[in-house]
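A.B. asks: The structure under discussion is supplied below as structure tokens; questions concerning it will follow.
Nothing in this text is a laboratory measurement; each read-out follows from the coordinates by a stated rule. In this text the structure is predicted, and so the values were computed from the model without any measurement. Please note: Cβ atoms are built from the backbone with ideal geometry, for glycine as well, and neighbour counts cover all protein chains shown.
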Amino acid sequence: MSYDEDRSQIRTGAGPHVMAALRNAAIGAIRATGVTNIAAANRYHARDSSRPLTVLGIV
């Protein structure tokens with residue numbers, strides 16, 4: 001529920017599968033850092049836009 005999937009308006013075509021893949025990729029990237037609490041990690045990374053990029057090795 002960290003990504004508010006139940007309120008998603010995407011319901012047709014490949015959209016739901018694409019969004020699920022993006023959510024899974026985000027969760028996988030967070031877990032790769034050793035984090036077990038995804039909700040807390042989402043809040044932490046949301047506070048500074050450079051943090052997710054650092055996790056991905058972009059910055």
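A.B. asks: Between residue 43 and residue 7, take the C-beta separation as r, use R0 = 30 Å, and let me know the FRET efficiency to the nearest 0.05.
C.D. replies: 0.95
A.B. asks: Then there is this: Can you tell me the dipole magnitude for region 5-56 around its Cα centre, using point charges on the Cβ only (Lys, Arg +1; Asp, Glu -1), in Debye to the nearest 20? Walk me through the numbers before you get to the answer.
C.D. replies: Details: 7 positive and 3 negative charges, 13 e Å.
Roughly 60 debye for region 5-56.
A.B. asks: Starting from the Cα-Cα distance between residue 25 and residue 56, subtract it from 0.36 nm times their residue separation and give me the gain in nm to one decimal.
C.D. replies: Working: separation 31, 0.36 × 31 = 11.16 nm, distance 1.07 nm.
Taking residue 25 through residue 56 to full extension adds about 10.1 nm, to one decimal.
A.B. asks: In the set [x] 65; [y] 55; [z] 72, which value of percent of Cα pairs over 15 Å apart was calculated from the structure you see?
C.D. replies: Only one option fits the structure, namely [y].
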